[in-house]
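Below is one structure, written out as structure tokens; comments come after it.
The values are calculated or read from the model by the stated rules, or taken from the named source; none is laboratory data. Remember, predicted model here, so these are calculated numbers, not experimental data. Cβ: placed from backbone, ideal geometry, glycine included. Neighbour counts: every protein chain shown. What goes into the accessible areas is simple: the full protein's heavy atoms, side chains included, and nothing from ligands, DNA or RNA. Shrake-Rupley method; radii C 1.70, N 1.55, O 1.52, S 1.80 Å.
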Amino acid sequence: MVNTGRFVILVLAYRFLVPILSAEPDHAARESYVVYMGSPSGGGGDLEAVQADHLQMLSSVVPSGEQGRAALTQSYHHAFQGFAAVLTDKEAAALSGHERVVSVFKDRALQLHTTRSWGFLEAQSGLQSGRLVRRASGDVIIGVIDTGVWPESPSFDDAGMREVPARWRGVCMEGPDFNKTSCNKKLIGARYYGVQPEASTAASHAAAAAGSPRDTVGHGTHTASTAAGAVVAGAGYYGLARGAARGGAPASRVAVYRACSLGGCTSSAVLKAIDDAVADGVDVVSVSIGMTSAFQSDFLADPIALGAFHAHQRGVLVVCSGGNDGPNPYTVVNSAPWILTVAASSIDRSFQSRIVLGNGAVVKGVAINFSNHSLGGGQYPLVFGAQAAARYAPLSEASNCYPGSLDAQKVAGKIVVCVSTDPMVSRRVKKLVAEGSGARGLVLVGDAERDVPFVAGGFALSQVGTDAGAQILEYINSTKNPTAVILPTEDDEDFKPAPVVASFSARGPGMTESILKPDLMAPGVSILAATIPSAERDDVPPGKKPSAYAIKSGTSMACPHVAGAAAFVKSAHPGWTPSMIRSALMTTATTTNNLGKPVASSTGAAATGHDMGAGEMNPLRALSPGLVFDTGARDYLNFLCYYGYKEQQVRRVSGDARFSCPAGAPSPDLIAAGVNYPSISVPRLRRGAPATVARTAINVGPSNATSAAAVEAPPGVAVRVSPDRLMFSGRWTAARYEVTFRVAAGAGVGKGYAHGAVTWSDGAHSVRTPFAVSVL
């Protein structure tokens, strides 16, 4: 029998769509594109002249009848040249063929990669706590590209700070809610960029032009205060994590570049922010942003990689988060070799919410909740989600707290237990489902993400592992009237083991397996730092005012830790290049936890270079690394050649018309052998065909130093270092060595990656360079 109502709807839809589909379109679809033109010629030139030049190029591809829409949404002219504009695909293709253009790519949306931690790092170093604060200089400037800043936060108080460095060339942009007086001697600059991910048409670009540097999300304030926040005594999050909050370089200055909103960041705005930051005079740029690992771009179509390359050319270190798509391999982003790529780890603090069952058993769970449950306040009925399924809802969905799967009458007033066997339903969704059904609490059962405490506000919530979950379900099945209570969270300091690689932290290899990524690991789980007072009102406990500090997790939080540490090293060694600072942080990193055992991954297995890079950063030891590896501009240009880019493209990127690619390019093997990186990755080690990699170390330790090599070789792989002793006649002298890898004769080693390290020691310094070798 025909459903007449549905038939009428289909007929009407057909009549409506046919004219649209058959009509000749008045205008082709237009989107925002970035046109990248490489290094500026002659120092970049006057802004008006550069913009006129870019407009002339743009007008050459826009039809004569539509010249009125030829407009730039961004113009880049400091560290590199290019512009952003709204174009059709045909116009973008025409520009890509222009002799001065290196690449043209869509203005994609980038994602935000969303304190006790500094004390933990100092404790791990074994050096005196507080030296990091006392030794830092106030002349280093950290640029933070994020969602802006809340300038009233105590973390940006400038009490006791000297005058702003004379070399600072930035501005404090005003807006409806942001004045020039919002900046001070700590927060010395603030810019904003109106174009946001949702603004992709010319009209929406114009509408988004207004704004201010003020943070309306909380992410940017958190990252900026983590990097360089002032020391604030008595900070905490509703009584948890109380103590002195501070950034990694509390004496450093901060400049914020608001290029992002809650929806993310546009490529064009992030590129403009990097261009401005370099021109303003920052020393370190912190970027807790990146593409999703599923849609990574080519290096010359990646806005962060492009901006970071030219920042490095100007002596500015760019530190980026590695992404939150772990723990699967090949998920790390921001993996260009001129970027310092950061993984995330836990610290020695845990947030525990105990579950007391009706039989008196106490089950330890993890979460941040401020519930009104108490031991003396009575218990609540306990029910498994599958026992409270709504009519027609599959039991598997009800057990996972799917939206619409629970019967409110069976759940109201009770604590519901839900499992996490379906990753499609997030913890926040499960919480909303339980709350919406009238539940008085929620117990989540599952190991996924348990290392990252969920912030539940005033709702009673706790997450337990599968073994503890089985204990709770067994109790439910053992009695007619099971009950429980979920107690408010307590923080447990000196938690062991720590650090552990966070489950969400993206893993290597990266875009090219010839460079070992990530580079370094830093605290990124449950980090207390400043926020905006109006953020996340759903997480505010009843009767409380919004907190000025928040606890957040992500590689977004790990990144500014490293940016702050880099600024700290820069303050002690102002003449060091960005790659020397990166080298110092990597080669002095820690690979053992607070139990003295090897750092573990969230899976429980020993962490490898693809999990944690060189290890957990150790800022104090990085001040005196002994040796450094200086990766120069020529290394990076050779990398582009080896990777497969044409010589003419590399010339435009470099700004050097005489540059020539080395013989043998392209070749992934030559990347590993020829780029002077402080780690080693051999992507193809064939049986019977050894691979040799060369490195050059610079002595920054005592004169007449001699360093001896020690090798941590994985089973089945023979590693030879030649020479195995490096003798330096003085400071700043260099020595070259080679590392040869071969599959050991008769070894039964299987295919895949094997990990180890070469460590140079002069008796006072240990310089560790990790390696990863893929046996074919």
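A few comments on the model shown:
- Theoretical FRET efficiency, 1/(1+(r/R0)^6), r = Cβ-Cβ of Asn328 and Leu432, R0 25 Å, to 0.05: 0.40
- Probe 1.4 Å, protein heavy atoms only - accessible area per residue of segment 650-728 in square angstrom: 44 Å²
- Applied to segment 212-228, the Karplus parametrisation 6.51 cos²θ - 1.76 cosθ + 1.60 on θ = phi - 60° returns per-residue 3J(HN,Hα) values of 7, x, 5, 7, 10, 10, x, 5, x, 4, 5, 5, 5, 6, 5, 6, 8 Hz, with x for Gly and Pro.
- Qualifying lysines (Cα of each under 20 Å from Cα of Lys106; at least 8 residues distant if same chain): Lys90, Lys272
- Only lysines eight or more places from Lys480 in sequence, or on another chain, were considered; those with a Cα closer than 23 Å are Lys410, Lys414.
- Amide H contacts for Leu110 (H built 1.01 Å from N in the peptide plane; partners 5 or more residues away or on another chain; cut-off under 5 Å): Cys265, Thr266, Ser267.
- Antiparallel bridges, percent of DSSP beta bridges restricted to the chain (to nearest 5): 65 percent
- Considering the chain at the alpha-carbon level, its Rg and Dmax are found to be 27.8, 95 Å.
- Entry note, the chain: the mean residue ellipticity at 222 nm calculated from DSSP H runs of n ≥ 4, each adding -39500 (n - 2.57), is -7000 deg cm²/dmol after division by the residues and rounding to the nearest 500.
- Cβ crowding within 10 Å averaged over residues, with 434-440, 673-679 ranked highest first: 673-679, 434-440
- For segment 362-412, the square roots of the Cα gyration tensor eigenvalues, ordered a ≥ b ≥ c, give a/c of at least 1.5 with a/b greater than b/c, which places it in the prolate category.
- With R₀ set to 30 Å, the beta-carbon distance separating Thr692 from Ala633 gives a calculated FRET efficiency near 0.80.
- Rh by Kirkwood over Cα pairs, then Stokes-Einstein D for segment 200-342 at 1.002 mPa s and 20 °C, µm²/s: 128 µm²/s
- A simple rule links phi to the HN-Hα coupling: the Karplus curve 6.51 cos²θ - 1.76 cosθ + 1.60 with θ = phi - 60°, which for segment 580-586 gives 5, 5, 4, 4, 4, 5, 6 Hz, with x for Gly and Pro.
- Cross-link reach is defined here as a Cα-Cα straight distance under 23 Å, omitting same-chain residues fewer than 8 places apart; for Lys751 the lysines meeting it are Lys517.
- Ranked by solvent-accessible area (1.4 Å probe, protein heavy atoms only, all chains present), the residues Arg391, Arg167 order from largest to smallest as Arg391, Arg167.
- Taking every alpha-carbon pair in segment 421-471 and binning the separations at 10 Å intervals from zero gives 24, 58, 18 percent.
- Length released on extending from Ala470 to Ala606, taking residue separation times 0.36 nm less the Cα-Cα span: 46.3 nm
- Of the accessible area of the chain, computed with a 1.4 Å probe over protein heavy atoms only, carbon and sulfur atoms account for 53 percent.
- Left without a cysteine partner by the 4.7 Å Cβ rule in the chain: Cys320, Cys559.
- In this calculation the C-beta distance from Lys751 to Asp177 is compared with R0 = 41 Å, giving a FRET efficiency of 0.10.
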